[in-house]
Amino acid sequence: MPNGLHHKKKKTSKRKPNPAFMRPVQPDDKLAAIVGSQPLSRPELTKKLWAYIKRHGRQDKKKRTMINADDSLRPVFSGKNQVSMFEMTKLVSKHLREPRRASRRREARRKRR
């Protein structure tokens, strides 16, 4: 180091996931055909969706950011034959809702206020 100066290395802590992403979501019937019907967190859902895409070779060979729909993906992709991976996340979120139990508790809290 020049002039005998030593820089202390910053301690980097592992980034903590946002609790909202870790909250379970319930896929609707169209999405459940791909990822299963159990409530799961968004990261788990994304992993399962990508596993399906890779396993069935749905990623476009030339333009890797594009996903080609098959009969199972087309209803999730609003009938489109091809979507970008960025558009896919937006379309998939339309097929999610909170699991029933959490929604009922929240409604009960609202009524008490």
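Each reported figure results from applying straightforward, stated rules to the coordinates on display, with no laboratory input. Worth saying up front: this structure is predicted, and the values here are computed from it rather than measured. Because the Cβ atoms are built from the backbone with ideal geometry, glycine has one as well, and the counts that use them run over all protein chains shown.
Residues whose amide H lies under 5 Å from that of Leu40, counting only those 5 or more places away or on a different chain, are Val25; hydrogens are built 1.01 Å from N in the peptide plane. Volume per residue of the convex hull around the Cα atoms, evaluated for the range 38-96, comes out as 82 Å³.
Which whole-angstrom value gives the distance between the alpha carbon centres of the range 79-96 and the range 12-43? Result: 16 Å between the Cα centres. Rounded to the nearest 20, the Cβ-based charge dipole of the range 38-96 about its Cα centre (Lys and Arg +1, Asp and Glu -1) stands at 220 debye.
If a spin label sat at a point 7 angstrom from the Cα of Asp60 along the line to its beta carbon, the backbone N atoms of the range 84-98 nearer than 13 Å would be those of 84-88. Only Cα pairs under 8 Å and 6+ residues apart enter the sum, and on that basis the relative contact order of the range 19-75 stands at 28 percent. Per-residue extension of 0.36 nm, minus the Cα-Cα distance of Met22 and Ser72, leaves a gain of 15.4 nm for this segment.
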